[in-house]
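Report on the following structure.
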Amino acid sequence: MLCRCSAFRHAVHGTSRIPVVSLSYKATNEPIMQHRRGSQERKRLDGTIQSMLQQSPYEVPICIGSEEFTSSTQKKQVLPFDHRRSLANFYYASEQQLKNAITAALKAREIWSRTEFDTRARIFLKAADMISDQNRFQLLASTMLGQAKTIFQAEIDAAAELVDFIRFNVQFASVCSLCPQSISSSPSLFDRMPFVSNPSTLPMLRIESFIDPLKLGFWAAIPPFNFTAIAGNLASAPALMGNVVLWKPSDSAVIFREAGLPPGVINFVPADGSTFGSVITKHPQLAGVNFTGSTRTFRTILKEMSKNLELYRGYPRTIGECGGKNYHLIHPSADVNEAALATIRSAFEYSGQKCSACSRLYVPASLWPKMKSLLLEHHRQLKIGSPLDHDTFTSAVIDQTAFRKISGYLDYAKSCPDIELIAGGNADDSRGYFIEPTILLTKNPTDKVMKYPSLLHSISLIGICFPTIPHSIVFRSLFRSTFQDDIFGPVVCAYVYNDNQIEQVMDLVDSTTDYALTGAIFAKDQKFIQRATDRLLDTTGNFYVNVQSTGSVVGQQPFGGARLSGTNDKAGGPQYVLRFTSPLSIKTQKTPITSWKQQHME
């Protein structure tokens with residue numbers, strides 16, 4: 001909450017040059033800074049981190065329209081890797097403040113929805129420039145401190161991906177018929193009109209197509225804790241397309257400070273989940289929900305919306321990016337060194353807290369001894385600690401709820417006769433919420449560690465969003481099984497299969513879970529790659545060949561999951577921005593009709 005919106009504020013009121021937006025605008029991916037020892041960017045980042053630590057805790061207000069507020073409900077964000085230190089104090093918006101935010105948003109919509117796209121795009125492109133330059137290090141430092149991300153993980157998220165989302169959204173939107181276009185001007189069209197005397201020479205009709213913001217209401221943006229870029233995109237994409245937004249960040253995503261668009265366009269309202277969910281789903285002018293989080297929470301939101309269909313002035317749209325139970329499938333022809341390195345990175349970077357992280361690993365028996373040896377060798381070299389230590393590979397998980405949930409899985413795995421602990425398995429929250437990267441081996445490929453996605457968000461969000469759901473139901477569901485649940489932590493579970501059973505294993509990959517977010521195959525056999533790509537078509541929204549299941553890049557691999565993993569609207573791709581728009585066709589008669597009679601009557 002400290003920095004997320006400051007860039008937008010500066011973009012509106014700053015003085016740097018705004019790019020000219022046109023149909024020819026082409027975005028390029030933001031270069032990733034290396035932050036090598038002794039480099040200027042490394043020194044600047046270290047200085048920013050120390051300054052933020054000295055000035056913390058920050059006070060983060062609620063932003064509604066052009067005003068800032070507090071409330072009677074104050075919350076604290078601690079450093080995940082040192083929970084004795086507080087980074088920021090923020091406030092939950094009350095029910096009345098949320099209603100006031102909706103009022104402010106709807107008032108702003110009257111002008112913003114009719115503001116030309118070029119003007120809106122200039123604001124966001126300038127925001128991207130600010131994030132890329134003078135706000136970069138503040139965003140990086142906030143992300144490292146608030147989310148316990150290492151320099152590299154913060155760089156590819158809070159700087160590169162956030163900038164990419166904004167710039168590519170502008171490019172995609174500028175190409176998507178945002179200027180009026182004639183659908184047809186063929187004389188044959190006018191030949192069919194009985195009132196046209198000379199269709200070859202007279203422009204009797206003008207038929208245009210526009211893409212406008214949705215015809216009513218506000219969007220609710222509900223982001224996860226784990227990506228600054230996703231949080232920014234959930235709010236900025238609808239706003240770019242002329243909509244107004246209520247932005248409810250995750251309690252743990254205390255990164256941005258103040259909204260920077262015209263007052264009321266984006267209203268920054270941290271809130272108790274139950275209050276926020278109740279207010280937005282019961283408002284007649286809800287235009288849509290842009291959500292990233294757990295499948296269970298998304299389903300609950302949909303159920304609440306379905307109860308209120310009679311209230312709505314339209315049909316609210318929903319965009320959902322949910323959980324996944326992602327896999328690496330190793331073929332006997334694979335380069336085992338490549339597969340081992342990719343699995344370590346996918347499973348353990350950012351402590352496995354990426355929705356695309358590998359948690360299922362299928363290895364042929366012929367390669368398992370070598371694969372196991374390499375995994376153990378790499379595992380021994382991993383350093384877990386503070387993200388401020390530049391030798392750290394991964395740090396703490398986000399909060400106590402996550403720590404307890406992942407620890408529960410580890411306890412289950414250690415007690416299960418079908419599961420062998422290969423490496424890791426330790427947890428320590430005495431100072432920070434540290435979970436040791438863990439490798440498990442199961443004899444049961446349908447165990448819960450291989451099947452269901454994370455319930456972390458379900459505990460942290462359902463319990464507060466919709467308190468009528470008994471907590472006992474949530475916690476009982478945690479202990480069903482390990483190849484089934486996406487633990488959303490640094491835990492990967494392997495299953496060793498007979499080399500001649502690869503076809504059955506592909507069936508198993510598909511049938512084990514109803515989720516379909518990411519998956520990767522590793523093979524040198526080109527015929528198998530072709531066959532597997534076709535056979536596993538329904539198991540992912542993003543499919544990878546000889547590369548880890550994480551790391552999609554905006555504009556290159558649009559990201560989204562199918563089946564229970566979400567609505568697969570592909571953030572970072574050209575069709576995403578159209579979800580926030582409503583087509584409008586206008587037909588203008590240029591010459592008065594001269595008869596009411598139809599042709600056959602003449």
Förster radius 35 Å - calculated FRET efficiency between Thr73 and Tyr315 (Cβ-Cβ, nearest 0.05): 0.60
Those aspartates and glutamates that a straight Cα-Cα span of less than 18 Å connects to Lys527, excepting residues fewer than 8 apart in one chain: Asp335, Asp499, Glu503, Asp507
Among the listed pairs Lys325/Lys524; Lys448/Lys524; Lys325/Lys414, those beyond 27 Å (Cα-Cα): Lys448/Lys524
Residues of type lysines that Lys383 reaches as a straight line, Cα spacing below 17 Å, ignoring anything fewer than 8 places off in the same chain: Lys149
Spacing of the two label points (7 Å from each Cα toward its C-beta) at Leu376 and Gln589, in nm: 8.4 nm
Alpha carbon centroid spacing (whole Å) that separates the range 532-601 from the range 53-100: 37 Å
Burial ordering of Tyr92, Tyr315, fewest other beta-carbon atoms within 10 Å first: Tyr315, Tyr92
Integer Hz, Karplus 6.51/-1.76/1.60 couplings in order for the range 421-428, x for Gly and Pro: 7, 8, 7, x, x, 9, 9, 8
Filter on Lys370/Lys451; Lys75/Lys451; Lys248/Lys303 - keep pairs with C-alpha separation over 24 Å: Lys370/Lys451; Lys75/Lys451
5 angstrom amide H check on Val491, placed H, neighbours 5+ away: Thr438
Approximate spin-label separation His600-Ser66, in nm, with each point projected 7 Å along Cα-to-Cβ: 6.3 nm
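Would you order Asp164, Asp428 from fewest to most other beta-carbon atoms within 10 Å of each residue's own beta-carbon?
The most exposed by this proxy come first: Asp428, Asp164.
Most exposed first by the Cβ proxy, i.e. fewest other Cβ within 10 Å, how do Phe117, Phe81, Phe522 rank?
Lowest to highest Cβ neighbour count: Phe117, Phe81, Phe522.
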Candidate lysines for bridging to Lys587, where Cα separation is under 29 Å - those fewer than 8 sequence places away on the same chain excluded: Lys215, Lys597
5 angstrom amide H check on Val449, placed H, neighbours 5+ away: Thr482, Phe483, Gln484, Asp485
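Rule-based calculations on the coordinates, nothing more; no lab input. Since the model is a prediction, treat every value here as computed from it, not as a measurement. Glycine also receives a Cβ, built like all others from the backbone with ideal geometry; neighbour counts cover every protein chain displayed.
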